[in-house]
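**Student:** Here you go, one structure.
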Amino acid sequence: SNLNKLFVANLPNQITKDDVRHLFDKYGVKEIFLITTKGLPYAFVTLASQESFNRALQEMQGFMFQDHKLFIGLPATKDGGGTPQPYSSPRTPTPGGSGDGPNQQSGSSPVVLCIANFPPETKMADIVELFSSWDPLEVVMAKAESSGLRPYPHAYVTVANRDMAEAAVLDLNDTYFRGRVIIVLPVPEKCKK
């Protein structure tokens, strides 16, 4: 089964199964498949436990081995996945993030971001495209009320979790979009629409 199995790519050409075993030894290796017949070698490494699997995913991603930066991912699933998925490491939930509900991990609930200061003629499709790297779950365009004190257009984009939200804010806040510097910030819990 694919339980606790890692996909490891971008390995050097001369790599041996022993090299792969040494790389992952400290995580408790159960099984290694090394494929060297199709271009650059890649491997499937099955680890002893879910915990060591999670650690290896986080610690070995981008690890330099003989001048090759390793790519660690999850094996493609049999049901039509096709290519291995890059893995974004789960952050440990920060203290104080426990107000989401009794059984939700603070890092995994959807987060709403507010985007402001883009040009008034911006379409929803433009915002969707802007956020395409973060797989937006929902995009809501909010037209400012003409009677409002701050009549600029803004939008709300929902992404899957806090990690994606933080990455989107880091990448997009204070950047130029169609000639304006846009503002991208998480919406505080209390003002969610």
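**Student:** Residue 49 fails exactly one of the following numbered conditions: (1) over 22 Å from the mean Cα position of the chain (by Cα); (2) surrounded by fewer than 12 Cβ atoms within 10 Å (Cβ to Cβ); (3) over 17 Å from residue 17 (Cβ atoms). What is the number of that condition?
**Tutor:** With (1) over 22 Å from the mean Cα position of the chain (by Cα); (2) surrounded by fewer than 12 Cβ atoms within 10 Å (Cβ to Cβ); (3) over 17 Å from residue 17 (Cβ atoms) applied to residue 49, the lone miss is (2).
**Student:** Looking at segment 17-69 only, could you name the residues that are more than 15 Å from residue 5 (Cβ to Cβ) and touching a Lys or Arg at 6+ places or on another chain (Cβ under 8 Å)?
**Tutor:** 62, 63
**Student:** Are any of the residues in segment 181-190 part of a helix (DSSP H, G or I) and at pLDDT below 85?
**Tutor:** At the first step, the residues of segment 181-190 found to be part of a helix (DSSP H, G or I) are 189-190.
Those still in the list that are at pLDDT below 85 too: 189-190.
Checked against the condition, which is being part of a helix (DSSP H, G or I) and at pLDDT below 85, segment 181-190 yields at least one hit.
**Student:** In this structure, is residue 115 crowded, with 18+ Cβ neighbours inside 10 Å, assigned to a strand (DSSP E or B) and either at pLDDT 85 or above or of a type outside the set (A, V, I, L, M, F, W, C) (or both)? Break it down stepwise before answering.
**Tutor:** On the way: crowded, with 18+ Cβ neighbours inside 10 Å: yes; assigned to a strand (DSSP E or B): yes; either at pLDDT 85 or above or of a type outside the set (A, V, I, L, M, F, W, C) (or both): yes.
So residue 115 passes the test.
**Student:** Sticking with this structure for a sec: Regarding segment 84-101, can at least one residue be identified that is modelled with pLDDT of 90 or more and among the aromatic types (Phe, Trp, Tyr)?
**Tutor:** Residues of segment 84-101 modelled with pLDDT of 90 or more: none.
Checking segment 84-101: not a single residue is modelled with pLDDT of 90 or more and among the aromatic types (Phe, Trp, Tyr).
**Student:** Check whether at least one residue in segment 138-146 is more than 26 Å from the chain's Cα centre (by Cα), hydroxyl-bearing (Ser, Thr, Tyr) and either in a helix (DSSP H, G or I) or at pLDDT below 85 (or both), and report yes or no. Write out each step before concluding.
**Tutor:** In the first step, residues of segment 138-146 are kept if they are more than 26 Å from the chain's Cα centre (by Cα); the result is 142-146.
Adding the requirement that they be hydroxyl-bearing (Ser, Thr, Tyr) leaves 146.
Next cut, either in a helix (DSSP H, G or I) or at pLDDT below 85 (or both) only: 146.
Yes - at least one qualifying residue is present in segment 138-146.
**Student:** Would you point out the residue of segment 147-165, among those that are surrounded by fewer than 16 Cβ atoms within 10 Å (Cβ to Cβ) and under 17 Å from residue 185 (Cβ atoms), that is modelled with the lowest pLDDT?
**Tutor:** Within segment 147-165, the subset surrounded by fewer than 16 Cβ atoms within 10 Å (Cβ to Cβ) is 147-152, 160.
Narrowing the set further to residues that are under 17 Å from residue 185 (Cβ atoms) leaves 150, 152.
Working: 150: 50, 152: 60.
The selected residue is 150.
The values are calculated or read from the model by the stated rules, or taken from the named source; none is laboratory data. Worth saying up front: this structure is predicted, and the values here are computed from it rather than measured. Positions of Cβ are generated from backbone atoms using ideal geometry, with glycine treated the same way; all protein chains shown enter the neighbour counts.
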